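Below: the structure, in structure tokens.
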Amino acid sequence: MTLLNLLASRSSRMKASEIRELLKLLDQPDIISFAGGIPDPSLFPAAAIGDAYQAVLGGAEAGAALQYQVSEGFLPLRKWLAAYMGSLGVACDEANIFITSGSQQALDYLGKLFLSPGDTALVTWPTYLGALQAFNAYEPRYDRLNTAGGNMTPEAYRAAAAANGGKVKFAYLVPDFANPTGNTLDARQREAVLDLAGELDIAVIEDAAYRALRYDGEAVPPILAFDCARSGGIDNARTLYCGSFSKILSPGMRVGWVCAARHVVEKLVLMKQASDLHSPSINQMVMHRVAETIFDRQVEKLIGAYRRRRDALLSALEASMPQGITWSRPDGGMFVWLTLPQGADATELLARSVKEARVAFVPGNAFFADGTGRNTLRMSFTLADDRTVGEGVPRLARLLRG
């Protein structure tokens with residue numbers, strides 16, 4: 001017996017994550033992996049988190065920590081996040097903060113909130129694979145958001161969306177140290193995204209998962225900060241900011257947030273109530289304790305470690321890679337993006353690389369909504385210690401010289 005003939009049409013758009021499949025390679029001790037974009041567990045503040053769990057469960061908060069929670073999220077954590085957003089130039093209060101089970105849940109909820117089948121989502125080319133997976137369930141069409149400027153006018157976007165039977169609903173992007181390219185938008189480009197969104201009257205989903213991990217240069221305000229300045233305040237803003245503690249404190253605790261106009265937060269709360277009621281109470285309470293005591297110090301520690309690893313990877317690429325291959329030079333984040341000569345296929349290269357060189361990376365076509373970009377690949381440096389870089393990059397380079 002099979003139930004496959006009963007599945008909803010949207011299930012055909014649900015595909016396994018190439019990155020999640022590649023993570024299984026980490027269990028093979030002889031594989032040198034630049035694949036998973038995950039933080040280094042040796043840098044997690046495990047002692048501080050452990051102390052916080054003990055304090056919560058050993059004190060007066062124990063009952064609340066093990067009890068149901070309001071769907072908006074733990075109030076002290078939301079207040080801390082409102083102050084944090086204020087430090088980024090976004091004046092708001094706890095009513096503008098919604099706690100999610102990681103920012104991936106935020107992307108799923110926002111896709112559900114805005115997309116009807118056939119609607120158009122504007123995304124960068126390439127874009128974060130997890131966003132495509134989250135949005136795919138709601139059966140959208142994708143169009144290219146060119147943050148460097150292009151010849152697509154608002155009228156052209158509207159016409160293309162209408163021809164598909166829907167409307168343009170939002171622009172999604174990672175403006176700081178993007179996954180997968182490592183690129184960052186400058187202030188002018190962020191303003192241009194808002195210009196386009198205003199002309200199309202659409203939302204902007206700002207995925208800020210890597211924002212705190214800046215190694216060089218001056219920070220650029222979030223798109224939401226520019227939006228608030230233009231619109232007169234967050235409750236008039238069209239930008240929805242998705243933040244996460246996963247890259248700084250712990251991905252396993254699954255605590256993220258959305259900062260947005262309160263009328264949007266109210267809709268998200270209704271979705272949460274119908275989905276999982278609330279994110280785990282104890283994790284929110286522990287995250288609040290840890291964030292208010294060590295967040296800035298933890299960011300500094302990660303910046304020091306990851307900057308050295310980024311620099312080592314860039315130096316190894318410069319020393320080893322053959323001509324005809326180019327790569328990004330990110331100011332922060334976790335990723336370097338390589339472009340191979342036209343006609344190369346990084347998926348085929350990966351199969352050879354794992355078999356012959358025992359080196360893993362992520363083929364770039366996974367990050368393109370139309371499956372193009374086969375001559376690109378992503379390398380993550382967060383787990384790349386000296387041995388990983390010193391052995392892995394020359395091995396991959398030798399294979400590319402082939």
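The values are calculated or read from the model by the stated rules, or taken from the named source; none is laboratory data. Bear in mind the structure is a predicted one, so any value in this text is a computation, not a measurement. Here the Cβ is made from the backbone with ideal geometry for all residues, glycine too, and neighbour counts use every protein chain on show.
What number of residues in segment 378-391 are under 17 Å from the mean Cα position of the chain (by Cα) and not in a loop (DSSP other than H, G, I, E, B)?
Our first condition is that a residue be under 17 Å from the mean Cα position of the chain (by Cα); within segment 378-391, this holds for 378-382.
Next, only the ones that are not in a loop (DSSP other than H, G, I, E, B) stay: 378-380.
Residues meeting the conditions: 3.
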Out of LEU314, LEU338, report the one residue that is crowded, with 20+ Cβ neighbours inside 10 Å, in contact with a strand residue (DSSP E or B) (Cβ under 9 Å, 6 or more places away or on another chain), among the aliphatic types (A, V, I, L, M) and at pLDDT 95 or above. LEU338
Take the residues of segment 317-328 that are touching a residue at least 60 places away in the same chain (Cβ under 8 Å) and not in a helix (DSSP H, G or I): which is surrounded by the fewest Cβ atoms within 10 Å (Cβ to Cβ)? PRO322
Of the residues in segment 35-56, how many are of a type outside the set (A, V, I, L, M) and out of contact with any Leu (no Cβ under 8 Å at 6 or more places or on another chain)? 7
Tell me, yes or no, whether segment 242-255 has at least one residue that is surrounded by 20 or more Cβ atoms within 10 Å (Cβ to Cβ), more than 14 Å from PRO45 (Cβ to Cβ), outside the structural domain of PRO341 (by TED's automatic domain parsing) and of a type in the set (Phe, Trp, Tyr). no
Residue that is modelled with the lowest pLDDT, among those in segment 9-49 that are of a type in the set (Gly, Ala, Ser) and surrounded by 12 or more Cβ atoms within 10 Å (Cβ to Cβ): SER17
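Yes/no matrix, rows are residues, columns are (1) within 17 Å of ALA260 (Cα to Cα); (2) without any contact (Cβ under 8 Å) to a residue 12 or more places away in the chain; (3) basic (Lys, Arg); (4) touching a strand residue (DSSP E or B) at 6+ places or on another chain (Cβ under 6 Å):
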position: LEU194; (1), (2), (3), (4): yes, no, no, no
position: GLU199; (1), (2), (3), (4): no, no, no, no
position: ILE205; (1), (2), (3), (4): yes, no, no, yes
position: TYR210; (1), (2), (3), (4): no, no, no, no
position: TYR215; (1), (2), (3), (4): no, no, no, yes
position: GLU218; (1), (2), (3), (4): no, yes, no, no
position: CYS228; (1), (2), (3), (4): yes, no, no, no
So which of HIS288, HIS263, HIS278 is touching a residue at least 40 places away in the same chain (Cβ under 8 Å), of a type outside the set (Asp, Glu) and out of contact with any helix residue (DSSP H, G or I) (no Cβ under 6 Å at 6 or more places or on another chain)? HIS278
Restricting segment 341-377 to residues that are within 23 Å of the chain's Cα centre (by Cα) and of a type in the set (D, E, K, R), the one surrounded by the most Cβ atoms within 10 Å (Cβ to Cβ) turns out to be ARG374
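Is at least one residue of segment 287-296 among the aliphatic types (A, V, I, L, M) and under 21 Å from LEU383 (Cα atoms)?
Within segment 287-296 (the criterion being among the aliphatic types (A, V, I, L, M) and under 21 Å from LEU383 (Cα atoms)), the answer is no, since none of the residues qualifies.
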When both residues are 6+ apart or on different chains and their Cβ atoms are under 8 Å apart, which pairs have a first residue that lies in segment 339-353 and is in contact (Cβ under 8 Å) with a residue 12 or more places away in the chain, and a second that is surrounded by 12 or more Cβ atoms within 10 Å (Cβ to Cβ) and of a type in the set (Phe, Trp, Tyr)? THR339/TRP327; ALA346/PHE361; LEU350/PHE361; SER353/PHE361
Residues that are under 22 Å from GLY373 (Cβ atoms) and small (Gly, Ala, Ser), drawn from segment 279-332: GLY324, SER328
